[in-house]
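Worksheet: one structure, shown below.
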Amino acid sequence: MDLPPPFEEAIRRHEREIMRYILRTTRDREDSLDLFQETWLRAYRAYPQLDSAAGLRPWLFRIATNLCLNRRRDQARRARLIGSDEVDAAGDTHAHSAVGGTTDGLVDLQAMIARLPHKQRQALVMRKFGGLEYDEIAAALECSEEAARAGVYLAMKKIKAAE
């Protein structure tokens, strides 16, 4: 079964940034690959109903974001069931020990980003690493453009304060 040409073009145009976003959000390569495939599968299934006025790019990021949130929620639920606080949904226990424990600035930055509240982290990653505009971030996170701006601003403020 062949993909419709516009969808093939969407894959070529956005696959790298979607993968980078999912990887930065989950911080787990195996989970990222699964979520990347699921993002495109869901996008393909819903593609005929896409409202072109809403925009393809934020729509793809919203699908990826929702899948990442679902995975995070499932991991938290499993962690509670097995009674392990090592498998924290946000990974915060590991992030706290990484800050200050290394001289590698990239690792420090990753740890600071990992400690951010989830919506701030997503907004920051979409803006700074995904290159999305604030209206696209708002569409992807299903919030106002002002909330998207505030999320990025607060995330940057927290990172600068932690330096």
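Bear in mind that the values in this text are calculations on the coordinates, not laboratory data. The model shown is predicted, which means the values in this text are computed figures rather than measured ones. Cβ sites come from the backbone with ideal geometry, for glycine too, and all protein chains shown count toward neighbours.
Numbers for the structure displayed
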item	result
Ranking of 108, 51 by count of other Cβ atoms within 10 Å, fewest first	51, 108
Two-site label geometry, residue 34 and residue 73: point separation in nm, points 7 Å out along Cα→Cβ	1.6 nm
Using θ = phi - 60° and Karplus 6.51 cos²θ - 1.76 cosθ + 1.60, couplings along region 16-22 (whole Hz; Gly, Pro as x)	5, 5, 5, 5, 4, 4, 5
Estimated inter-spin distance, residue 150 and residue 133, nm [label 7 Å along Cα→Cβ]	2.2 nm
